Amino acid sequence: MKQFKEDTDAMIDHMSNDIINKEQFAVDEFTKNLDNSYKDYQQWLNAELGRSSDTTDRECKFLNETSLKVSSKIKDMMQTTNIEIAKNLRQLND
């Protein structure tokens with residue numbers, strides 16, 4: 001009986017770790033893609049700001065405000081993703 005319990009505990013640990021690892025991989029991929037997209041956006045923004053000396057203050061302000069909004073939106077998306085992951089983990093207990 002003791003061996004069966006140890007095997008069952010090992011199986012539960014393995015299955016739990018597998019589920020967590022899959023969730024973490026999905027989050028890591030999402031984060032990596034998001035980071036890469038944001039870096040691309042920042043490079044574009046910097047190129048636009050430095051493109052020519054005729055970039056007006058109004059254009060600079062618009063681009064900077066847009067950058068802040070993008071950053072805020074990314075944070076919101078990450079929070080939503082974290083909430084979804086927590087929800088998925090809670091469903092495992094149901």
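Details
- Residue 26/residue 48 FRET efficiency (R0 25 Å; Cβ-Cβ; nearest 0.05): 0.15
- The C-alpha atoms of the chain define a longest principal axis, and helix 2-50 lies at about 0 degrees to it.
- Cα extents of the range 1-93 along the three principal axes, largest first (Å): 80, 19, 10
- Label point 7 Å beyond Cα of residue 68 along Cβ direction - residues of the range 30-46 with amide nitrogen under 15 Å: none
- Fewest-first ranking of 68, 34, using other Cβ atoms within 10 Å as the exposure measure: 68, 34
- Efficiency of FRET between residue 12 and residue 82 - r from beta-carbon atoms, R0 35 angstrom, step 0.05: 0.90
Values quoted throughout were computed directly from the atomic coordinates according to the rules given, and no laboratory measurement underlies them. Just so you know, these numbers come straight off a predicted model, no measurement behind them. Virtual Cβ from ideal backbone geometry, glycine too; neighbours counted across all protein chains shown.
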